[in-house]
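To keep things clear, I will list the structure first and then write my remarks on it.
The values are calculated or read from the model by the stated rules, or taken from the named source; none is laboratory data. On a predicted model such as this, the values are computed, not experimentally measured, just so you know. Note that each Cβ is placed from the backbone with ideal geometry, even for glycine, and that neighbours are counted across all protein chains shown.
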Amino acid sequence: MSTVFILADFVNGQASKTTTELATAAARIGEVTAVILAPVGQGATLAATLTSGPISSIIVVENADFQSHGVSASADAVSQLIAQKSPTALLVASHAFGKELAGYVAVKTDSGIITDAVDVGSDATATQVIFGGSTTVHSKVSNGTIIITVRPNCITADTSAHAASVESISLTISDSAKKATVSSSQPPLQGGRPELTEANIVVSGGRGTNGDFAAVEAFADSLGAAVGASRAATDAGWYPHSHQVGQTGKTVSPQLYVACGISGAIQHRAGMQTSKAIVVINKDPEAPIFELADFGVIGDLFAVLPVATEGVNARKS
Amino acid sequence: MKIAVCIKQVPDSWAEKKMVNGALDRENVDAVLNDLDEYAVEEALRIVEAHGGNEDGAAHSVTVISMGPARATDAVRKALSMGANGAILITDPALASADALLTSKVLAQVINSEGFDLVICGTESTDARMSVVPAMIAARLGWAQLTFAGSVDVEPAQSKVSITRVSEAGVDSMSANFPAVISVIEKINEPRYPSFKGIMAAKKKSIESRDLAAIGISAQSAWSQVIDSQLRPPRAAGVKVSDDGSGGEKLVNFLVERKLI
Ligand SMILES: Cc1cc2nc3c(=O)[nH]c(=O)nc-3n(C[C@H](O)[C@H](O)[C@H](O)COP(=O)(O)OP(=O)(O)OC[C@H]3O[C@@H](n4cnc5c(N)ncnc54)[C@H](O)[C@@H]3O)c2cc1C
């Protein structure tokens, strides 16, 4: 049986739900090898968090260059592993780092690449949803290793436990991949809420919050949701950029997306229209976001959200 | 300092896009300069302006490089009217369905032949949305990759460039010596509108057109193929209620009905 690489993805030192989703998709194509790129001395700790998903083997590469030289150093390592092990395919999470790494590896291994897949078939056909959610496309890589970046939260993860073997490999990163130097890194503040792209529910606030996210956060917390924001809200400095949903922010595909005081500009829609259910609260009945709403409330978010929060909390107790 | 800015002409973000024969129908939509590339043009201009400018005879220049059909001249012209010095447009019928791998190969080849210090790109094109070309150019050239920059600082005398990378992984401070490939996020600046003077000046600036033979690359089939595409059914119309005090409770009932809570 052929081997399929996945690049294990970690959030706060824990293997992410996305990693299990990648493994689930990869197992349809072949036997799954999870690649862990770790800082020196942390490989075993990270590997120990990777407990679920149909994974047959784990490769751990420890190297200080991953932290000090950015995307290209990691991409160089993955390219070298592909040259060593000749996997059929490589599946990577579709975020900024994952897509850049995939692109770099595609060049180094002369392989085709498909980004932002929402599904992957057993013959490695990738499904993408494009043009603002209007069109579904199936495509296939015909050259080299099949490289696909997969959008988080789109594939139902097989979370069964595995008994994967672990192999440590040491690599020397190429000089050309070490030309940029990272002098300091500041991880995003998570604030105890779920990671935006992995969350089952996302509650987002826009310009309509007028800078006061308390009602949005309270509703999010009643639902155990992540908090998102429109660009108007992040540009105004009301919420960190790492929470921006949209074309130049994150793409989310939760079970439920709640848009509060967001008009529904095309760039915002680009990041949320593959959500399964969409709820809108907006005081303008003509706001374009209502076109996407499964349930819409025409009203003031500061009046509607507290009632809804109380309603959700009441049902829990 | 010689700076190249890679730009792309794309369908207007608001245009309705369609697939024809496995590719985006570009003929029948309004085409504009990819708005994320405007930030790259602006940043290049700000960098040179901070170090003496790019007027004729100055030590610095900004060159726009684009791959696209002849009508991409309009997008190139816009970048020139913002203040870039000149442009190279790679046009060839064999590039009509080029994917990111071929695009990056063509751009890297041109960049390499011109001896630039810095290449600046937007983070993605609003049509294909792959966000891979800057990394691919860095990989092909073996240059430093300084991508997703929320700020850029250049010290021309030291041939050194520093950025803050802003991504889902947080904020990283990164630096490198020239040459480097940079991509900039849309928070980095506010792109200028071309002035009347800029628009008039752009008409006189040269756009050098090159085909594949001129840059020494032979056409190549794509590394991936579209098998099929279908229009998705429109989202079923939802329920819309006006809040009369009961909107919040109705919202919760909807969540219960859908088993979302
Ligand atoms: C290159 C580029 C990239 C971009 N990338 C992104 C991106 O990644 N993400 C993104 O979101 N945008 C992005 N944008 C910006 C986008 O075009 C919009 O400007 C932005 O999404 C608007 O944010 P908003 O909906 O919060 O604000 P607005 O459009 O101002 O809408 C605010 C809404 O709130 C409603 N409202 C006001 N008060 C209340 C209240 N009390 N209760 C209920 N409703 C209320 C109003 O009726 C209105 O509909 C991008 C733009 C460009 C040019």
Output for Cβ contacts, cut-off 8 Å, separation at least six or different chains, first residue part of a helix (DSSP H, G or I) in the stretch B:250-261, second surrounded by fewer than 21 Cβ atoms within 10 Å (Cβ to Cβ) and among the polar types (S, T, N, Q), reads none
All but one of (1) in a helix (DSSP H, G or I); (2) in contact (Cβ under 8 Å) with a residue 24 or more places away in the chain hold for A:Ile58; which doesn't?
(1)
For the stretch B:83-107 the number of residues that are surrounded by fewer than 24 Cβ atoms within 10 Å (Cβ to Cβ), of a type in the set (A, V, I, L, M) and in a helix (DSSP H, G or I) is 4
So, of the residues in the stretch B:12-33 that are within 14 Å of the ligand (Cβ to nearest atom) and crowded, with 16+ Cβ neighbours inside 10 Å, which turns out to be farthest from the other protein chains (Cβ to nearest Cβ)?
B:Leu33
Among the residues of the stretch B:34-42, is there at least one that is within 14 Å of another protein chain (Cβ to nearest Cβ), more than 25 Å from B:Ala180 (Cα to Cα) and touching a helix residue (DSSP H, G or I) at 6+ places or on another chain (Cβ under 8 Å)?
no
Can you find a residue that is among the hydroxyl-bearing types (Ser, Thr, Tyr) and at the interface with another protein chain (Cβ under 8 Å from one of its Cβ atoms) anywhere in the stretch B:190-198?
no
Applying the selection to the stretch A:161-185, what residues are at pLDDT 95 or above, surrounded by fewer than 14 Cβ atoms within 10 Å (Cβ to Cβ) and in a loop (DSSP other than H, G, I, E, B)?
A:Ser170, A:Thr172
(1) more than 26 Å from B:Met174 (Cβ to Cβ); (2) part of a loop (DSSP other than H, G, I, E, B): which one isn't true of A:Pro188, the others all being true?
(1)
Only one of B:Ala180, B:Ala176 that is crowded, with 19+ Cβ neighbours inside 10 Å and over 26 Å from B:Asp99 (Cα atoms):
B:Ala176
Run B:Ala79 past the list (1) more than 16 Å from the ligand (Cβ to nearest atom); (2) away from chain A (no Cβ under 14 Å) and report the number of the one that doesn't hold.
(1)
Check B:Ala58, B:Ala108 and return the single one that is of a type in the set (A, V, I, L, M) and more than 27 Å from A:Ala96 (Cβ to Cβ).
B:Ala58
Look through A:Ser242, A:Ser275, A:Ser204, A:Ser253 and report the one residue that is within 13 Å of chain B (Cβ to nearest Cβ) and either touching a Ser or Thr at 6+ places or on another chain (Cβ under 7 Å) or more than 14 Å from the ligand (Cβ to nearest atom) (or both).
A:Ser275
What helices (runs of 4 or more DSSP H) lie completely within the stretch A:63-148 and have 3 or more residues being within 21 Å of B:Met136 (Cβ to Cβ)?
A:70-85, A:96-109
Could you please give the count of residues in the stretch B:211-249 that are part of a helix (DSSP H, G or I) and either in contact with a strand residue (DSSP E or B) (Cβ under 9 Å, 6 or more places away or on another chain) or farther than 22 Å from A:Ala303 by Cα (or both)?
6
Exactly one of B:Gln225, B:Gln230 is over 29 Å from B:Asp74 (Cβ atoms), in contact with a Gly (Cβ under 8 Å, 6 or more places away or on another chain) and modelled with pLDDT under 95, and that one is B:Gln225
In the stretch A:209-239, what residues are buried (at least 22 other Cβ atoms within 10 Å of the Cβ), more than 10 Å from chain B (Cβ to nearest Cβ) and away from the ligand (no atom under 14 Å from the Cβ)?
A:Ala220, A:Ala225, A:Ala226
